[in-house]
Amino acid sequence: TKKEKVMAKVLFIQKKDISTFTAANGNVDTSKLLPYVDMAQSIEVQRLLGTDLYVKLKADITANTLTGDYLELVDTYVKPCLIHYSMMYALPYLSVTIGNGGVYRNAPDNSIALSKEEVDYLVEKERDAAQYFANRMIDYLNFNAASKFSEYYTNSNEDISPDSTDQFGGWVLN
């Protein structure tokens, strides 16, 4: 959206948040994680907050003025949700390199690459955790937005309005 385009790239979490609160260790290359943090934030967090509240939080972080209820929202609700959505997006690609030579899988010495089914299982575990935290954030916003976060209700036109549920039950194919 227009409001989104004027904002610089501002992330609601840092690399250390992912390595602290997930199974990813400190050896994961930041350059491999950042695109997925940005993707998860732009897609999932903006979908949950709505454009106006999302842009407000990014502006406050940029200006170093994130305080009070907005700081609590980011620290308590947005960060845990974003951490797990970021891992959900990143997991399928962490062992893959896309370069001039093509697409290939990295395999450190003394390691065995996971099967697609094993990676899919980990992705689903991250999705489960992300949805848990997303539902906590939705409940918090539904209860508190009217008195604390007026931007939650001011989206219009091409803005993304906040989702009031975060349920992905999966698909059953017969």
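The values are calculated or read from the model by the stated rules, or taken from the named source; none is laboratory data. Note that the coordinates shown come from a computational prediction; the quantities given were computed from them, not determined experimentally. Methodologically, a virtual Cβ is constructed for each residue, glycine included, from the backbone with ideal geometry; neighbour enumeration extends over all protein chains shown. Please note that ligands, DNA and RNA were not included when accessible areas were found on the heavy atoms of the full protein model with its side chains. Shrake-Rupley method; radii C 1.70, N 1.55, O 1.52, S 1.80 Å.
Tally the residues that are touching a residue at least 24 places away in the same chain (Cβ under 8 Å), within 30 Å of L73 (Cβ to Cβ) and open to solvent by less than 80 Å² (accessible area, probe 1.4 Å), restricting the search to the stretch 84-135.
Final tally of qualifying residues: 20.
Looking only at the stretch 38-80, which residues are open to solvent by 50 Å² or more (accessible area, probe 1.4 Å), over 19 Å from R136 (Cα atoms) and touching a helix residue (DSSP H, G or I) at 6+ places or on another chain (Cβ under 6 Å)?
M39, K56, listed by residue number.
Matching residues to (1) among the basic types (K, R); (2) under 16 Å from I43 (Cα atoms); (3) in a helix (DSSP H, G or I):
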| position | (1), (2), (3) |
| --- | --- |
| I83 | no, yes, yes |
| I98 | no, no, no |
| N110 | no, no, no |
| L122 | no, no, yes |
| N142 | no, no, yes |
| A146 | no, no, yes |
| E151 | no, no, yes |
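Within the stretch 35-76, restricting attention to residues that are in a loop (DSSP other than H, G, I, E, B) and small (G, A, S), which residue is nearest to the chain's Cα centre (by Cα)?
Ranking the candidates gives G50 first.
Restricting attention to the stretch 3-27, and to residues there that are surrounded by 16 or more Cβ atoms within 10 Å (Cβ to Cβ) and aliphatic (A, V, I, L, M), which single residue is modelled with the lowest pLDDT? Let's see the steps before the verdict.
Residues of the stretch 3-27 surrounded by 16 or more Cβ atoms within 10 Å (Cβ to Cβ): 3, 11-13, 15, 17-19, 22, 24.
Filter again for aliphatic (A, V, I, L, M), leaving 11, 13, 18, 24.
Numbers: L11: 93, I13: 91, I18: 80, A24: 73.
Among residues in the stretch 3-27 that are surrounded by 16 or more Cβ atoms within 10 Å (Cβ to Cβ) and aliphatic (A, V, I, L, M), the one modelled with the lowest pLDDT is A24.
Sort out which residues of the stretch 113-152 are charged (D, E, K, R) and out of contact with any Asp or Glu (no Cβ under 6 Å at 6 or more places or on another chain), and write them in order of number.
Result: K116, E117, E118, D120, E124, K125, E126, R127, D128, R136, D139.
Is it the case that Y152 is closer than 18 Å to D38 by Cα, in contact (Cβ under 8 Å) with a residue 40 or more places away in the chain and open to solvent by less than 60 Å² (accessible area, probe 1.4 Å)?
The answer is no for Y152.
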